[in-house]
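A.B. asks: Sharing a structure with you now.
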Amino acid sequence: SGESGAGKTESTKLLLQHIMNLCKGNSQLEQQILQVNPLLEAFGNAQTVMNDNSSRFGKYIQLRFQNNTVRGAKLSEYLLEKSRVVQQDTGERNFHIFYYMFAGLSSEEKDMYGLLDPSLYRYISKWFGTEDVAQHWKQKYQELCNALDMVGFQEQEQVDMQAILAGVLSLGNVTFEPQENSGSLKVSEGSRGWLKAAAVSHDNFCAMISTFLRALQCITCSLCADARDSIAKVAYGRVFGWIVCKINELLAENVDPEVELKEIGILDIFGFENFAVNRFEQFCINLANEQLQHFFNHHIFQMEQDAYRAEELPWEAITFNNNEPVLNLLLAKPLGLLSLLDEQSAFPQATDKTFVDKLNSSFKGNLHFQPSRGRVLGFSIIHYAGKVQYTAGGFLEKNRDTLPANIRGLFINSVTPLLSLLFTGKCLCYDRASHMNWGTPWKQLRVGLRIRSLMVLMERMYSANPHFVRCIKPNSQKLPGVVDSQVLLQQLRYNGLLETIRIRRDGFSWRPSFEEFAER
């Protein structure tokens with residue numbers, strides 16, 4: 001754990017290398033496992049203002065062993081930041097893979113995928129980078145291709161995957177305009193070429209979006225654009241989920257089911273974030289970090305001191321910053337913030353303003369909640385790592401995670417085999433994890449449910465024997481070789497590491513069992 005940019009993903013890669021080295025083998029499986037992280041980074045990481053290689057999802061890697069030899073691995077992914085596909089703030093970029101493709105594909109391959117100059121695409125930042133950066137991306141693309149080959153992805157699967165990503169970019173350039181005399185909308189004349197490049201029949205596409213919007217009794221260009229963006233997001237999310245599914249299939253252990261395997265699990269989760277503008281995505285990320293901090297407190301302070309009291313040892317209690325009240329504010333049922341968000345998301349007439357009004361009335365007087373002042377529609381949460389002000393715009397829409405119901409049929413009938421597969425339910429290991437309701441869009445409360453799937457993981461970890469790797473960020477400028485002591489001290493304080501040092505110094509580091517002690 002640690003702030004965004006503190007080095008969690010790099011530490012995970014080093015830890016995996018170390019464990020594979022300790023296995024003292026050089027099997028193909030071990031090499032495949034080492035390639036998983038760089039592969040996922042291409043599709044799940046992006047540049048933010050805090051970190052040039054920021055994980056925009058959480059992952060849990062389970063390594064399974066028999067006689068000190070790794071026999072298989074399984075990957076779980078949590079809360080991919082799909083909104084990044086269609087929108088990035090100033091100084092940020094889309095997922096790495098889009099830039100790698102432009103830098104690494106040959107002219108012939110770009111023609112095959114219908115890719116033009118990168119500056120033309122609305123979904124990727126206007127600033128593409130210097131020649132040096134492009135060269136770096138080209139090298140990264142080659143590394144990605146090697147990783148895909150090494151892990152076991154077939155050539156046609158790789159082609160289909162990139163065809164879908166190219167289609168997502170083209171789809172982002174489709175715009176809409178009113179149709180004369182009918183009051184409905186059509187794809188604008190200027191963007192029909194983009195629609196063709198996205199390999200979607202524009203008559204079907206526009207008709208389906210119009211049907212979806214007519215059900216909401218409101219047809220505007222901006223709503224059409226929202227529907228277009230939701231299609232792009234779900235297509236990218238499905239590709240990412242399929243990659244994880246495929247990795248699990250290729251790295252599954254091939255042993256007798258009766259054999260009991262030992263397991264080491266590594267949780268590499270997105271770091272705590274506090275930007276100039278914090279949205280629904282930052283809320284999800286910070287909630288996950290709040291849970292992780294509570295897990296740390298429970299093991300390091302509560303369980304430790306309970307053991308001393310049970311042994312009736314002379315012990316002066318060490319106080320720590322217990323963040324349980326913050327978690328109650330966020331997760332309590334039926335009146336926690338997440339429950340209220342799901343409740344509001346279930347009402348078609350609810351808006352971000354009615355949601356904020358509900359929060360303000362429900363949490364009046366709560367020490368960890370502050371209403372926003374001025375004209376900004378939002379609220380502040382006093383997290384364990386400090387106060388974060390959230391902009392409420394988009395909270396309901398992102399939590400609903402809607403998709404026009406008829407769009408599924410459009411995907412199933414796609415000429416790209418992989419795209420058809422992703423929406424026929426055959427990729428079951430992914431569908432179970434992120435079930436989509438293709439009926440009325442208001443019934444989908446998918447993101448809230450997926451946050452709770454992370455809570456299930458936390459509960460599993462309480463029964464394990466955890467080791468905590470606390471990553472500390474040296475400075476806020478993304479500079480090498482620079483240590484800002486104030487930035488360091490702030491992290492040591494809110495992480496509870498100063499109290500941890502005290503309990504380690506004053507506590508009992510060697511814990512033999514009574515049998516070990518008697519034998520000694």
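A.B. asks: What's the total number of residues in region 1-57 that are open to solvent by less than 10 Å² (accessible area, probe 1.4 Å), more than 16 Å from K74 (Cα to Cα), out of contact with any strand residue (DSSP E or B) (no Cβ under 7 Å at 6 or more places or on another chain) and not small (G, A, S)?
C.D. replies: 0
A.B. asks: Going by the conditions given, is L337 of a type in the set (A, V, I, L, M, F, W, C), in contact with a helix residue (DSSP H, G or I) (Cβ under 9 Å, 6 or more places away or on another chain) and under 18 Å from K398 (Cβ atoms)?
C.D. replies: yes
A.B. asks: Is one or more of the residues making up region 33-56 over 29 Å from V133 (Cβ atoms) and not in a loop (DSSP other than H, G, I, E, B)?
C.D. replies: yes
A.B. asks: Would you please list the contacts, defined by Cβ atoms under 9 Å and residues six or more apart or on different chains, that run from a residue in region 303-328 that is more than 28 Å from G386 (Cα to Cα) to a residue that is among the hydroxyl-bearing types (S, T, Y)?
C.D. replies: Filtered contacts from region 303-328: P314/Y308; W315/Y308.
A.B. asks: Within region 95-110, is even one residue of a type in the set (A, V, I, L, M) and more than 15 Å from A163 (Cα to Cα)?
C.D. replies: Yes, the conditions are met somewhere in region 95-110.
A.B. asks: Follow-up. Among the numbered criteria (1) without any contact (Cβ under 8 Å) to a residue 60 or more places away in the chain; (2) touching a helix residue (DSSP H, G or I) at 6+ places or on another chain (Cβ under 7 Å), which one does I300 miss?
C.D. replies: (1)
A.B. asks: Follow-up. Would you please name the residue that is nearest to N53 (Cα to Cα), looking only at residues in region 433-491 that are modelled with pLDDT of 90 or more and among the β-branched types (V, I, T)?
C.D. replies: The selected residue is I472.
A.B. asks: Can I ask one more? Does region 136-156 hold any residues that are in a helix (DSSP H, G or I) and under 23 Å from the mean Cα position of the chain (by Cα), and which are they?
C.D. replies: Hits for region 136-156 are W137, K140, Y141, E143, L144, C145, A147, L148, V151.
A.B. asks: Given (1) under 21 Å from F275 (Cβ atoms); (2) at pLDDT 90 or above, where does F320 come up short, assuming only one miss?
C.D. replies: (1)
A.B. asks: Any idea which of S125, S76 is over 30 Å from C224 (Cα atoms), within 24 Å of the chain's Cα centre (by Cα), polar (S, T, N, Q) and modelled with pLDDT under 95?
C.D. replies: S76
A.B. asks: Let me ask you something else. For region 499-517, state whether one or more residues are open to solvent by 80 Å² or more (accessible area, probe 1.4 Å), aromatic (F, W, Y), part of a helix (DSSP H, G or I) and within 27 Å of W315 (Cβ to Cβ). Before you say what the answer is, go through the steps one by one.
C.D. replies: In the first step, residues of region 499-517 are kept if they are open to solvent by 80 Å² or more (accessible area, probe 1.4 Å); the result is 501-502, 504-505, 508-511, 514-517.
Next, only the ones that are aromatic (F, W, Y) stay: 508, 510, 514, 517.
With part of a helix (DSSP H, G or I) added as a condition, the list becomes 514, 517.
In the following step, the residues that additionally are within 27 Å of W315 (Cβ to Cβ) were identified as 514, 517.
Within region 499-517, one or more residues are open to solvent by 80 Å² or more (accessible area, probe 1.4 Å), aromatic (F, W, Y), part of a helix (DSSP H, G or I) and within 27 Å of W315 (Cβ to Cβ).
The values are calculated or read from the model by the stated rules, or taken from the named source; none is laboratory data. Remember, predicted model here, so these are calculated numbers, not experimental data. Quick reminder, even Gly has a Cβ in these numbers, built from the backbone with ideal geometry, and neighbours come from all protein chains shown. In case anyone asks, the SASA skips ligands and DNA or RNA and just uses the protein heavy atoms, side chains included. Shrake-Rupley method; radii C 1.70, N 1.55, O 1.52, S 1.80 Å.
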